[in-house]
């Protein structure tokens, strides 16, 4: 079977964040399989006025093992034309484009239309969300414009697969679970992680990890920490992630609930090389989301074999097996608190870690990438 020439279109270094991490990990797997991979990333991903965080750019060293071209500008139509024409001339076997926000629809849709004019390149899109968590005018128009430029779709939750019916007429959609994020380093033992984070050994630690947005339900978890069942135990909550919402709301809630001495404040962006310490220190990861499709946080927890509590939304129950790898609860403070209490009261950690080790075998990058390539009509190696 021939090696394929593949373009990955979307965030990558020097941009930071989960989507860039996903694209880079996918590129490495494709290269490992013997394919030629070109990554085309943004020189301007979001106008500053639209970006809710402090910076879009990574402080890590540039990856030396990947071919990354910094070329796209999400807000400049002339740039879209130039990039599309340049990439079309590469005559790639196919383009893989990860889509997560309708704002990117005009940029991606225009570039992909120009690439497809070469009559050779097949376009496959991995869809995180087709309907965004936080809606804006133009979302549906932009998303449909993008979808009409794509040949095939991969979704990582069945709820997104259902949503796709609103935007496409004929293109095939295939469900593949989100693969494990194994690119944050090897496991760190608990003592080393606690020492690195300057945390006391005789407490148990819950971890809320990732960007803090309203739909992720940190407020529900803070209220659960005020539950009498939790207050009576030596449990602290590590909040590790950057605010993309109203920071004052959460800080006021912590103060009003008198949680100050029970919250470990790492409320800023966590560099890639520090992720392992937070998951190494955690006894339990809690994702109290109010809405969701899939979550990369679950797949980091799988890699580090940390049991989870997730709410019954989107694709989270598809990934976290209730009673095997953790708990799936209702979107309610009491339900979240009950699951946390039961986990520690019944000493479920070792039992759930056995389940995690078994279930995570099905979430390998090798399986995901092989199945992604099988959506193509082009022969691919096993």
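All of the numbers you see were taken from the coordinates with simple rules; none came from a lab. Keep in mind it's a predicted model, so treat the numbers as computed, not measured. Don't worry about glycine lacking a Cβ; one is built from the backbone with ideal geometry, like all the others, and counts go over all protein chains shown.
Side notes on the structure shown:
- Over the chain, Cα pairs under 8 Å with separation of 6+ residues give a relative contact order of 15 percent.
- Taking only the C-alpha atoms of region 190-362, the Rg (one decimal) and the largest Cα-Cα distance, Dmax (whole number), read 14.6, 43 Å.
- Antiparallel bridge percentage (DSSP; both residues within region 190-362; nearest 5): 0
- Segment residue 166..residue 144, full-extension length gain: 7.0 nm, with 0.36 nm per residue of separation and the alpha-carbon distance subtracted.
- Gain on full extension, evaluated as 0.36 nm per residue between residue 324 and residue 86 minus their Cα-Cα distance, stands at 80.8 nm.
- Where only DSSP H runs of four or more residues are counted, the chain gives -10000 deg cm²/dmol as its mean residue ellipticity at 222 nm, each run worth -39500 (n - 2.57).
- Virtual paramagnetic centre 7 Å along Cα→Cβ of residue 229, amide N under 16 Å, in region 317-360: 323, 326-349
- Helix 18-32 and the long axis of the chain differ in direction by around 60°, with both axes built from C-alpha atoms.
- Reported value for the chain: 132 Å³ per residue, from the convex hull of its C-alpha atoms.
- P(r), alpha carbons of region 175-263 - 5 Å bins starting at zero, rounded %: 3, 11, 20, 21, 17, 16, 9, 3, 1
- The label-point distance for residue 158 and residue 191, in a model that sets each label 7 Å from Cα toward Cβ, rounds to 4.5 nm.
- The C-alpha atoms of the chain define a longest principal axis, and helix 333-345 lies at about 70 degrees to it.
- Between residue 75 and residue 43, the simple spin-label model (points 7 angstrom out along Cα→Cβ) gives 1.6 nm.
- Residue 120-residue 211 pseudo-label distance in nm [points 7 Å out on the Cα-to-Cβ vector]: 3.5
- FRET E, pair residue 203, residue 64, Förster distance 30 Å, beta-carbon r, rounded to 0.05: 0.15
- To the nearest ten degrees, helix 77-88 and the longest principal axis of the Cα atoms of the chain are 70 degrees apart.
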